[in-house]
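The values are calculated or read from the model by the stated rules, or taken from the named source; none is laboratory data. Values in this document were obtained by computation on a predicted structure and should not be read as measured data. Reconstructed Cβ throughout: ideal geometry from the backbone, glycine too, with neighbour counts over all protein chains shown.
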Amino acid sequence: MPDDRVLPFTVEALDVRGRIARIGSALDAILHRHAYPEPVARVLGEAVALTALLGTALKFDGRFQLQTKTDGAIEMLVVDFDAPDRIRAMARYDAAQIAEAVAANLTSTAVLLGSGYLGMTVDQGSHASRYQGVVELDGTDGLEEAGHRYFRQSEQIPTRLRLATARVVGSHGESWRAGGIMVQFLPTSPDRQKQQDLHPGDDPNGTPAEERDADGVNDDAWAEARALVETVADHELVDPMLESERLIYRLFHERGARVFEPQAVREQCRCSADSILAMLRRFTAEDRREMVADDGAVQVTCEFCSQVYRFQPGEIEARSP
């Protein structure tokens, strides 16, 4: 089945557009390289799927980054997407806290992340300013709800997400897979684009407030699309035998959906000897001396791909013309 790709689609009858991400070997390579504990791998897989959904929507050669910083057992997640198709990811976690969470059966994404923030950054390169949206994590919501809040607050686009990660047994053994689906309500009518209005307050005539959902929308088409996406089960997002096109048909065949050219995703780090040297040269001379190991070299390991770089102090001090 086609894997490591994001499939865009639209359901014109409901005024929604969407994307489905199915990440297989790319995620498996990331997780096996680091041998993360299963709860950490699962949450990082969700973050990779979410980043793939959002990063492949970039219409320019830029970078999209998802990052969390929290007080939970998983202290930090970082997922980078370099348009058009490169993705890398890493996690920092407290092993003792993870073991305690597993023993207590408290391994939901919300609990493992805890309280802090989730930031999403779009970097369009040197010719445009960076954009960052930040949402609070309070220990009760996972990445799906954080994504919903991000779009409500930063983009003001009604959005629904489903994310899932699992280890799946296939013809080549057991491997990690992640999947995600996102739909957004984008009506062309200005009246239907209107969000939450003011509450009627203490109107003496008792005018009732118009019923709207959490996105501030009162529209039958959006209610239908949202409800359909919320029926998607985890296994449908990670099943290697269920094509993305087939899942779209299951959900929207009564309304009719149109798919577009899929976008590939591949695991690849952007670290290099030159970039590591440039980073080391930003430290003070005293800091660089403290980095020298007993064998006389400075060693740096990339947190994303685990590539080890070794430099002699003279290499760091020397600058290219």
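Of the listed requirements (1) modelled with pLDDT of 95 or more; (2) in contact with a Gly (Cβ under 8 Å, 6 or more places away or on another chain), residue 313 misses just one: (1). Could you say whether any residue in region 213-230 is modelled with pLDDT of 95 or more, surrounded by fewer than 17 Cβ atoms within 10 Å (Cβ to Cβ) and closer than 30 Å to residue 24 by Cβ? Within region 213-230, one or more residues are modelled with pLDDT of 95 or more, surrounded by fewer than 17 Cβ atoms within 10 Å (Cβ to Cβ) and closer than 30 Å to residue 24 by Cβ.
Of all residues in region 135-188, which are under 21 Å from residue 14 (Cα atoms) and among the basic types (Lys, Arg)?
Keep residues of region 135-188 that are under 21 Å from residue 14 (Cα atoms), which gives 148, 151-152, 155-162, 180-188.
152, 160, 162, listed by residue number.
For region 91-140, the candidate set comprises residues that are in contact (Cβ under 8 Å) with a residue 40 or more places away in the chain and of a type in the set (Phe, Trp, Tyr); within that set, the residue that is surrounded by the most Cβ atoms within 10 Å (Cβ to Cβ) is 93.
Go through region 231-279 and give me each residue that's touching a residue at least 60 places away in the same chain (Cβ under 8 Å), out of contact with any helix residue (DSSP H, G or I) (no Cβ under 9 Å at 6 or more places or on another chain) and aromatic (Phe, Trp, Tyr). Matches in region 231-279: 260 only.
What do you reckon, is residue 296 at positive phi and outside the structural domain of residue 149 (by TED's automatic domain parsing)? Show your work before the answer.
Values: at positive phi: yes; outside the structural domain of residue 149 (by TED's automatic domain parsing): yes.
Considered against the rule, which asks whether it is at positive phi and outside the structural domain of residue 149 (by TED's automatic domain parsing), residue 296 comes out as yes.
How many of the residues in region 98-156 are aliphatic (A, V, I, L, M) and not in a helix (DSSP H, G or I)? Full working, then the answer.
The first filter runs over region 98-156 and keeps only residues aliphatic (A, V, I, L, M), leaving 98-99, 101-104, 106, 110-113, 118, 120, 122, 128, 134-135, 137, 143, 146.
Pick out the ones that are also not in a helix (DSSP H, G or I) and you get 104, 106, 118, 120, 122, 128, 134-135, 137.
Total satisfying the criteria: 9.
For beta carbons closer than 6 Å, sequence separation of 6+ or different chains, a first residue in region 166-185 that is farther than 22 Å from residue 107 by Cα and a second that is assigned to a loop (DSSP other than H, G, I, E, B) and at pLDDT below 95, the qualifying pairs are 170/240; 184/157; 185/158.
Every residue, every condition in (1) at pLDDT 95 or above; (2) touching a helix residue (DSSP H, G or I) at 6+ places or on another chain (Cβ under 8 Å); (3) of a type in the set (Asp, Glu), yes or no:
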| site | (1), (2), (3) |
| --- | --- |
| 69 | yes, no, no |
| 91 | yes, yes, no |
| 108 | yes, no, no |
| 131 | no, no, no |
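Just one of the listed residues (288, 266, 246, 270) is exposed (fewer than 15 other Cβ atoms within 10 Å of the Cβ), at pLDDT below 95 and of a type in the set (Lys, Arg), namely 270.
Take the conditions surrounded by 23 or more Cβ atoms within 10 Å (Cβ to Cβ), among the aliphatic types (A, V, I, L, M), assigned to a helix (DSSP H, G or I) and out of contact with any helix residue (DSSP H, G or I) (no Cβ under 8 Å at 6 or more places or on another chain) and apply them to residue 47. Does it pass? Answer is no for this residue.
Out of the helices (runs of 4 or more DSSP H) lying entirely within region 240-294, which hold 2 or more residues that are among the hydroxyl-bearing types (Ser, Thr, Tyr)? Once the helices (runs of 4 or more DSSP H) in region 240-294 are filtered for at least 2 residues that are among the hydroxyl-bearing types (Ser, Thr, Tyr), what remains is 244-252. Within the set 87, 20, the sole residue that is in the same structural domain as residue 252 (by TED's automatic domain parsing), over 18 Å from residue 304 (Cβ atoms) and β-branched (Val, Ile, Thr) turns out to be 20.
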